[in-house]
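These notes are about the structure you will find just below.
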Amino acid sequence: MSTSSARAGRLGYLAAAVVFAVGMAGTTLPTPLYGLYRDRLGFSELMVTIVFAAYAVGVIFVLLTAGDLADRIGRRPVLWTGLALSAASAGCFLLEDGLPLLFTGRVLSGFAAGLFSGAATATVLELAPPGGQARAGFAATAANMGGLGCGPLLAGILAEYTAHPLTLPFQVHLVLLGLAAVVVQRLPETVRDPVWGLPRPRGVVVPAQVRGVFAPAALAAFAGFALLGLFTAVAPGFLAETLHQRNLAVTGAVVFSVFLASTLGQAAGGRVPPPRALPLGCAVLVAGLVLVGLSLLLETAPLLVLGAVCGGAGQGLAFRAGLTSVGAAAPAAGRAATISAFFVVAYCGISLPVVGVGALAVTLGLRTAGLVFAGCVIVLASAVGAYVVRRPLPTA
């Protein structure tokens with residue numbers, strides 16, 4: 001009986017991680033396609049970053065207004081809602097005839113990601129078999145980053161080598177969402193006494209016992225997600241305009257590399273205690289940002305790839321350490337809400353800096369804007385790393 005139960009738990013958390021990855025892949029699916037939309041609709045690099053940031057606005061809105069929804073009504077209803085919103089986003093891109101549907105699709109995608117961030121992470125953690133919390137923590141963060149990385153890779157390949165670059169990626173994703181919905185139907189519900197009702201906005205909720213961990217962990221997440229935002233919104237422009245690389249499959253692969261490196265960094269982070277992993281992750285992130293800056297200065301694509309890999313690994317180390325520490329310190333009844341607060345800060349990082357890059361690019365050019373961005377995030381990541389070296393995170 002116990003063997004069967006352990007097997008069911010193991011399959012449950014892995015299945016939930018797959019659903020998480022499929023849902024998150026839709027949020028980065030348009031990344032290699034922004035140049036095609038820009039050429040077709042005639043908008044600027046600033047507008048690219050604003051369209052991208054509409055997604056983060058959707059994420060933050062959901063996290064602030066319904067961050068604890070999965071704690072109250074259950075995990076499965078929230079996962080189904082996230083999948084439905086992701087499908088609606090794909091529909092907007094399939095029907096796209098101008099900026100309004102692009103914005104709508106990105107906002108809906110953000111709503112979906114906001115629901116997944118808390119509900120899917122909590123589901124993966126809670127379906128872990130006894131003694132498997134560490135593996136489940138890696139599965140959750142790897143599903144998040146792996147899904148985000150697979151979106152651009154899939155879209156880049158389909159856009160470069162098929163006859164329907166702006167429709168086939170979203171059609172394939174709709175099929176994957178349908179399969180994910182079937183998987184959710186078979187997942188056990190982990191909320192024992194769901195309470196139905198309208199969402200009760202609570203803002204950013206950080207319980208008192210989490211606050212000593214939350215601030216440095218969230219700021220490190222902000223810096224790391226700023227790097228991810230740069231690659232998912234602006235790196236295609238860097239590759240095309242500054243580094244003269246216009247193959248969409250290559251663009252997708254470069255963006256994929258930063259998320260793959262993040263996943264590998266998270267895997268390595270499992271062998272390092274969070275109090276040490278967080279400053280180490282910040283240091284590696286800074287090294288990656290230096291390489292990104294040098295790639296723009298010297299106009300060398302290999303350095304950009306090295307920067308993506310190094311920076312992604314640092315982001316993964318710091319992100320896993322921060323999320324693990326915050327999740328472990330949070331009370332069970334408010335875990336999804338606390339995780340949602342952590343993601344609010346992270347998604348501010350993925351949106352605000354890249355819009356700044358787009359605005360600077362209008363007057364200074366994309367290359368100079370990228371250099372300013374790299375310098376600012378280097379300062380932030382260095383400050384957080386130095387702080388947690390002097391005041392290590394408390395152990396769970």
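Each reported figure results from applying straightforward, stated rules to the coordinates on display, with no laboratory input. These numbers were taken from a predicted model, which means no experiment stands behind them. All Cβ positions, glycine included, derive from the backbone under ideal geometry; neighbour counts span all protein chains shown.
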For region 247-261 and region 146-168, compute the distance between their C-alpha centroids and round to whole Å. 11 Å
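Is the C-alpha gyration tensor of region 174-309 telling us rounded, prolate or oblate? Criteria: a/c under 1.5 is rounded; beyond that, a/b larger than b/c is prolate, otherwise oblate.
Details: a/c = 2.27, a/b = 1.46, b/c = 1.56.
Oblate shape, in that a/c is at least 1.5 and b/c is the bigger or equal ratio.
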With label points set 7 Å from each Cα along the Cα-to-Cβ direction at Val362 and Ala215, the distance between them in nm comes to 3.5 nm
Inverse of <1/r> over all distinct C-alpha pairs of region 132-201, i.e. the Kirkwood Rh in Å, gives 15.4 Å
For the ranges 12-24, 220-232, what's the packing order if you count other beta-carbon atoms within 10 Å of each residue, average per peptide, and put the highest first? 220-232, 12-24
In whole angstrom, and with the biggest value first, how far do the Cα coordinates of region 294-396 range along each principal axis? 48, 25, 23
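Could you work out the equivalent-ellipsoid semi-axes for the chain, taking the square root of 5 times each eigenvalue of the Cα gyration tensor, largest first, in whole Å?
31, 25, 18
What is the diffusion coefficient of region 218-278 in µm²/s, taking the Kirkwood radius over Cα pairs and the Stokes-Einstein relation at 20 °C with a viscosity of 1.002 mPa s?
Numbers: Rh = 13.0 Å.
It comes out at roughly 165 µm²/s.
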With all distinct Cα pairs included, what does the Kirkwood hydrodynamic radius of region 94-168 come out to in Å, to one decimal, could you say? 14.7 Å
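Tell me, what is the FRET efficiency for Arg246 and Arg186 to the nearest 0.05, using R0 = 41 angstrom and their Cβ-Cβ distance as r?
Values: r = 43 Å, r/R0 = 1.05.
The computed FRET efficiency comes out at 0.40.
Normalising by the residue count of the chain, find the relative contact order in percent from Cα pairs under 8 Å and 6+ residues apart.
On the way: 785 pairs, mean separation 100.1, N = 396.
Worked out over the chain, it gives 25 percent.
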From the Cα trace of region 327-370, what convex hull volume per residue do you get, rounded to a whole Å³? 55 Å³
